[in-house]
Amino acid sequence: MNYASQDTPAFDFTVHYDPDTSYKPPSMEDFETAKSLFRSLLTHGQSALDPQTWHRLGFVQTLSADHTYVIIKECQNHRTGKGLYLIRHKASHNVLVQAPHYPSDLLTGDIAACMFRDLSIKAVAWSTTHRQVVDLAHADGSYFNAFTEAFAEYAPQAIVVQLHAFSQKKHETDADLIISSALETPPDSFKTRVFSLNEVFKDHYRLYAYPEQISFLGGVKNANARCFYRAGGTLFLHLEMSKKFRNDLLREKTRRQALLMSILK
């Protein structure tokens, strides 16, 4: 798929995926170093560039062609499933979109790319190897978690939106979207978002909130959500999407905009 647009250069996240790599988690020291570097980039943008330290961690730090966002990617000869990260310097919305199970959760990575391109969100993160190598939504002490914690420390009131895919047939449900805060007891801010999403999408899709309306796919064991809340973040949205919902989000910018605006209310 071509993500090029008149306003934003294309960014092909798929070339950073390597299903044959072996995963190596960071040491505690490297985890803390990466978190500090991520937090500085989120806060200060280009003035916090530190390519030498990133290289020591096995990453390459570059700027987009139009200098509007920073790219943190794995070194070509040192790929161990560390993830891929984009951080926009001047964003309209303090939102981080994550696709930790790309590509096995079909289209989630593509939707994340389109949201970053079109909606002026702050950041996006993808997995860079198959979930059978490392499941970044459930692995503790990963660089993916270092970024998630840094985002919470940078802006506690910001929102993380994590994209997942599920099969309606496998789970025997008519749900198009299962939304969760990844907590057994959701905060009031979550309930506000559920109401807003229902108001926007109720005529087109079936939306169920965990745990009030549905008892599964709630993401309550999600390691990223756990570290986000632990670091002071206030709202992590875990979205399980049907094939139809994913296809519609990918195809229609207006639906992606409606999703984001509902989340920001």
message: assigned to a helix (DSSP H, G or I), touching a Lys or Arg at 6+ places or on another chain (Cβ under 8 Å) and among the acidic types (Asp, Glu): which single residue out of Asp110, Asp118 fits that description?
response: Asp118
message: What's the number of the only condition in (1) within 15 Å of the chain's Cα centre (by Cα); (2) assigned to a helix (DSSP H, G or I) that Gln162 fails to meet?
response: (2)
query: Among (1) within 25 Å of Gly233 (Cβ to Cβ); (2) surrounded by fewer than 19 Cβ atoms within 10 Å (Cβ to Cβ); (3) of a type in the set (S, T, N, Q), where does Ser104 come up short?
result: (1)
- prompt: Being assigned to a loop (DSSP other than H, G, I, E, B), of a type in the set (Val, Ile, Thr) and surrounded by 14 or more Cβ atoms within 10 Å (Cβ to Cβ), is that true of even one residue in the stretch 82-93?
  reply: no
- line: In the stretch 8-61, anything among the polar types (S, T, N, Q), outside any helix (DSSP H, G or I) and either surrounded by 16 or more Cβ atoms within 10 Å (Cβ to Cβ) or in contact with a His (Cβ under 6 Å, 6 or more places away or on another chain) (or both) is listed as Thr8, Thr21, Gln61
message: Residue pairs, Cβ under 7 Å, 6 or more apart or interchain, first in the stretch 253-265 and under 10 Å from Leu119 (Cβ atoms), second assigned to a helix (DSSP H, G or I) and of a type outside the set (A, V, I, L, M, F, W, C). List them.
response: Lys253/Asp118; Arg256/Asp118
query: Of all the residues that make up the stretch 62-78, how many are of a type outside the set (Val, Ile, Thr) and either surrounded by 14 or more Cβ atoms within 10 Å (Cβ to Cβ) or part of a strand (DSSP E or B) (or both)?
result: 7
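Would you mention how many residues in the stretch 221-265 are among the β-branched types (Val, Ile, Thr) and either touching a Gly at 6+ places or on another chain (Cβ under 7 Å) or under 20 Å from Thr192 (Cβ atoms) (or both)?
Residues that pass the stated criteria total 2.
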message: List the residue pairs whose Cβ atoms are under 7 Å apart, where the first residue sits in the stretch 66-88 and is more than 23 Å from Arg131 (Cα to Cα), the second is of a type in the set (Ser, Thr, Tyr) and part of a strand (DSSP E or B), and the two are 6 or more positions apart or on different chains.
response: Ile87/Tyr69; Arg88/Tyr69
- prompt: Do we find a residue being of a type outside the set (D, E, K, R), surrounded by 20 or more Cβ atoms within 10 Å (Cβ to Cβ), at pLDDT 95 or above and touching a Leu at 6+ places or on another chain (Cβ under 6 Å) anywhere in the stretch 233-240?
  reply: yes
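Here is a yes/no grid of residues against (1) over 19 Å from Ile121 (Cβ atoms); (2) in a loop (DSSP other than H, G, I, E, B):
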| position | (1), (2) |
| --- | --- |
| Ile214 | yes, yes |
| Leu217 | yes, yes |
| Arg226 | yes, no |
| His238 | no, no |
| Lys244 | yes, no |
- prompt: Has the stretch 123-140 got any residue that is farther than 30 Å from Asp18 by Cβ and either part of a loop (DSSP other than H, G, I, E, B) or at pLDDT 95 or above (or both)?
  reply: no
field: Members of the stretch 170-221 that are hydrophobic (A, V, I, L, M, F, W, C), within 17 Å of Met241 (Cα to Cα) and surrounded by fewer than 19 Cβ atoms within 10 Å (Cβ to Cβ)
entry: Val200, Ile214, Phe216, Val220
query: Which is over 13 Å from the mean Cα position of the chain (by Cα), crowded, with 23+ Cβ neighbours inside 10 Å, over 14 Å from Leu163 (Cα atoms) and of a type outside the set (Val, Ile, Thr), of Ser142, Ser120?
result: Ser142
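The values are calculated or read from the model by the stated rules, or taken from the named source; none is laboratory data. For clarity, every value in this text was computed on a predicted model and none was experimentally measured. Every residue, glycine as well, gets a Cβ built from its backbone with ideal geometry; the counts of neighbours run over all protein chains shown.
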